[in-house]
Amino acid sequence: MTSFYEPGELLAIGFKKIGENVCISRKASIYAPEKMVIGNNVRVDDFCILSGRIELCNNIHIAAYSALYGGEEGIFVEDFANMSSRVSIYSISDDYSGASMTNPTVPEQYKHVISRPVYIRRHVIIGSTSVVLPGVDVKEGSAFGAMTLINRDPEPWTINVGIPFRKIKDRQKGLLEMENRFVQDNQIRDSQNGDRK
């Protein structure tokens, strides 16, 4: 038995939609899978939490101990995004102002929950123990060092660090050429596999 669910087991979990070559650890916690869309070539490692509305496109990795709290508004992750270990992404948050009560043990009428969608665009990389807050649109190609607070939209194709984050330099786009080769190689391989059937 592997540490990842088998394809039949993944179907039995009840995802809204699930693609091919999906590796989700048996040690991950999944809440409300009927609200989740999982694309192709997605890997979710040990001790991750996926909760609420989540849409993962293709070629995405979520490393160990990371948590995505999608709530009703959702977290939307585009192709080739990578989250290192212990990353937390929130589309929901309690109101910290003191105007209402907080935490899940308190009935809804006493709370004010902030809920806004989060977008993680193509080729984003988020370093270990970083946090993404509700309503942020993490632009294409942006990268974040370990322990970064992502509390606003970054510029695309930048490298960022800190609490809250600051841009330290532009990120190279050479990986886009590699992506083109990767896609072409996969198309050729798929075509060859189709000819063999």
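Looking at His61, His123 in this structure, which one is in contact with a helix residue (DSSP H, G or I) (Cβ under 9 Å, 6 or more places away or on another chain), at pLDDT 95 or above and within 23 Å of Met147 (Cα to Cα)? Reasoning before the result, please.
On the way: His61 fails: in contact with a helix residue (DSSP H, G or I) (Cβ under 9 Å, 6 or more places away or on another chain).
From the options His61, His123, the qualifying one is His123.
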Can we say Lys167 is without any contact (Cβ under 8 Å) to a residue 60 or more places away in the chain and assigned to a strand (DSSP E or B)?
yes
If we keep just the residues of the range 37-89 that are among the aliphatic types (A, V, I, L, M) and assigned to a loop (DSSP other than H, G, I, E, B), which is nearest to the chain's Cα centre (by Cα)?
Ala81
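Give me the residue from the range 17-36 that is of a type outside the set (Asp, Glu) and in a loop (DSSP other than H, G, I, E, B) and, out of that set, nearest to Tyr5 (Cα to Cα). Write out each step before concluding.
First pass over the range 17-36, keeping only residues of a type outside the set (Asp, Glu): 17-19, 21-33, 35-36.
When the remaining residues are screened for being in a loop (DSSP other than H, G, I, E, B), the result is 19, 21-22, 26-28, 32.
On the way: Gly19: 13, Asn21: 11, Val22: 9, Arg26: 6, Lys27: 9, Ala28: 10, Ala32: 17 Å.
Of everything passing the filter in the range 17-36, Arg26 is nearest to Tyr5 (Cα to Cα).
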Residues of the range 90-116 being part of a strand (DSSP E or B) and in contact with a Lys or Arg (Cβ under 8 Å, 6 or more places away or on another chain), which ones?
Asp94, Met101
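Just to verify a result, which residue in the range 117-158, among those that are part of a loop (DSSP other than H, G, I, E, B) and β-branched (Val, Ile, Thr), is surrounded by the fewest Cβ atoms within 10 Å (Cβ to Cβ)? Steps first, answer last, please.
Looking only at the range 117-158, we keep the residues that are part of a loop (DSSP other than H, G, I, E, B), and these are 117, 121-124, 127-130, 133-136, 139-142, 145-148, 151-157.
Filter again for β-branched (Val, Ile, Thr), leaving 124, 129, 136, 148.
Working: Val124: 25, Thr129: 15, Val136: 20, Thr148: 24.
Result: Thr129.
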Glu73: passes all of (1) touching a residue at least 24 places away in the same chain (Cβ under 8 Å); (2) at negative phi; (3) touching a Cys at 6+ places or on another chain (Cβ under 9 Å) but (3)
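Being more than 22 Å from Ser51 (Cβ to Cβ) and at pLDDT 95 or above is the requirement here; does Arg181 meet it? Working first, answer last.
Numbers: more than 22 Å from Ser51 (Cβ to Cβ): yes; at pLDDT 95 or above: no.
Considered against the rule, which asks whether it is more than 22 Å from Ser51 (Cβ to Cβ) and at pLDDT 95 or above, Arg181 comes out as no.
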Considering only the range 51-59, I want to know if a residue exists there that is touching a Cys at 6+ places or on another chain (Cβ under 8 Å) and closer than 23 Å to Pro7 by Cβ.
no
For the range 26-34, indicate whether the set of residues that are surrounded by fewer than 19 Cβ atoms within 10 Å (Cβ to Cβ), at pLDDT 95 or above and among the polar types (S, T, N, Q) is non-empty.
yes
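The values are calculated or read from the model by the stated rules, or taken from the named source; none is laboratory data. All values derive from a computational prediction rather than experimental measurement. For neighbour counting, all protein chains shown are included, and Cβ atoms are generated from backbone atoms with ideal geometry for every residue, glycine included.
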